[in-house]
Amino acid sequence: MSPFHNIVILTGAGVSAESGVSTFRDQDGVWAKYDLNDVATPEAFQRNPKRVHDFYNQRRANLSSVHPNKAHKAIARLETEHSGNVVLVTQNVDNLHERAGSTNMLHMHGELMKVRCDACGQALEWGIDLATDIACPLCENMGFLRPHIVWFGEMPFYMDQIYRHLAEADLFLSIGTSGTVYPAAGFVAEARAAGAHTVELNLEPSEGESYFAEKIYGAAGTIVPTYVETLLKA
Ligand code: APR
């Protein structure tokens, strides 16, 4: 039986890299091709909603051609087979964790497969391209739908819930994230302060590397299944 009861996992773009979804800050990452001020802020959406829609439409469409990899599957396996609690907090807006079988998860930066109406405030599942001339299916107001994505300058979702889980964590795993974007980058310090064992699994040391008690470097599709296997046997 594992020595840990409450496990909190934070994932970032690196967990989906081997599925063919671009990371953000690697050499050929999303922010090397786009200026985030043009596509990922509320001001960008006000200035040029079409450009923002085009950016997210392309990323949403791309999800139908990618598949969960061994890291997503190992994380889902941990949730199924661990005798205690496993909460997955992801910064990723793709749907690969849920397609791999994870259920107890929080999309803190939103979801590509949802849109939200700025008129009625409701979020809804959305699989097709979004445009400015579409009426909200719920309140019927025209032109208020936006990607259900947390943009720079906006507050991530589920923060109260996440901090409650971190306060009760006895194992905190950070997988595939550069540790550059707050508040997620601060979770390791919270978990540590709560007495959790902290482990970084990433291709390379992240910005927050020094906060982790244990570090495992390599491709997520290789190191995460091995780590999960060891943890379940411990
Ligand atoms: N296996 C493990 N880690 C990998 C792999 C891989 N195959 N490939 C890349 N990585 C690592 C990189 O070394 C890097 O440290 O994943 C990390 C990805 O970092 P970022 O691109 O910065 O992505 P992330 O940390 O998720 O970014 C956080 O920033 O702009 C945003 O909102 C966006 O949610 C995102 C947030």
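Hey, can you tell me all the residues within the range 1-21 that are more than 8 Å from the ligand (Cβ to nearest atom), within 26 Å of residue 222 (Cβ to Cβ) and not in a strand (DSSP E or B)? Those that are more than 8 Å from the ligand (Cβ to nearest atom), within 26 Å of residue 222 (Cβ to Cβ) and not in a strand (DSSP E or B): 1, 2, 3, 4, 16, 19, 20, 21. Take residue 130 and tell me if it is touching a residue at least 40 places away in the same chain (Cβ under 8 Å) and within 16 Å of the ligand (Cβ to nearest atom). No.
When residues in the range 32-53 are screened for being aromatic (Phe, Trp, Tyr) and either in contact with a Cys (Cβ under 6 Å, 6 or more places away or on another chain) or not in a loop (DSSP other than H, G, I, E, B) (or both), 1 of them pass.
The residue that is nearest to the ligand (Cβ to nearest atom), among those in the range 185-234 that are under 17 Å from residue 87 (Cα atoms) and open to solvent by 70 Å² or more (accessible area, probe 1.4 Å), is 190.
None of 229, 200 is in a helix (DSSP H, G or I) and of a type in the set (D, E, K, R) except 229.
Looking at the range 159-177, which of the residues that are part of a helix (DSSP H, G or I) and more than 16 Å from the ligand (Cβ to nearest atom) is surrounded by the fewest Cβ atoms within 10 Å (Cβ to Cβ)?
Going through the qualifying residues, I end up with 160.
One residue stands out among those in the range 89-104 that are aliphatic (A, V, I, L, M) and within 14 Å of the ligand (Cβ to nearest atom): the one that is most open to solvent (accessible area, probe 1.4 Å), which is 93. Among the residues making up the range 119-153, those that are touching a Ser or Thr at 6+ places or on another chain (Cβ under 8 Å) and at pLDDT 95 or above are 151, 152, 153. Against the test of being modelled with pLDDT of 95 or more, open to solvent by 10 Å² or more (accessible area, probe 1.4 Å) and outside the structural domain of residue 204 (by TED's automatic domain parsing), the options 38, 28 yield a single qualifying residue, 38.
Residues of the range 28-47 that are away from the ligand (no atom under 11 Å from the Cβ) and closer than 18 Å to residue 13 by Cα: 33, 35. When residue 131 is tested against (1) over 23 Å from residue 223 (Cβ atoms); (2) part of a helix (DSSP H, G or I), only condition (2) is not met.
Taken over the range 152-189, the criterion of being out of contact with any strand residue (DSSP E or B) (no Cβ under 7 Å at 6 or more places or on another chain) and among the aromatic types (Phe, Trp, Tyr) is satisfied by 152, 163, 182.
The values are calculated or read from the model by the stated rules, or taken from the named source; none is laboratory data. Keep in mind that what you see is a predicted model, and the values were worked out from it rather than measured. Every residue, glycine among them, receives a Cβ derived from its backbone with ideal geometry; neighbour counts consider all protein chains shown. What goes into the accessible areas is simple: the full protein's heavy atoms, side chains included, and nothing from ligands, DNA or RNA. Shrake-Rupley method; radii C 1.70, N 1.55, O 1.52, S 1.80 Å.
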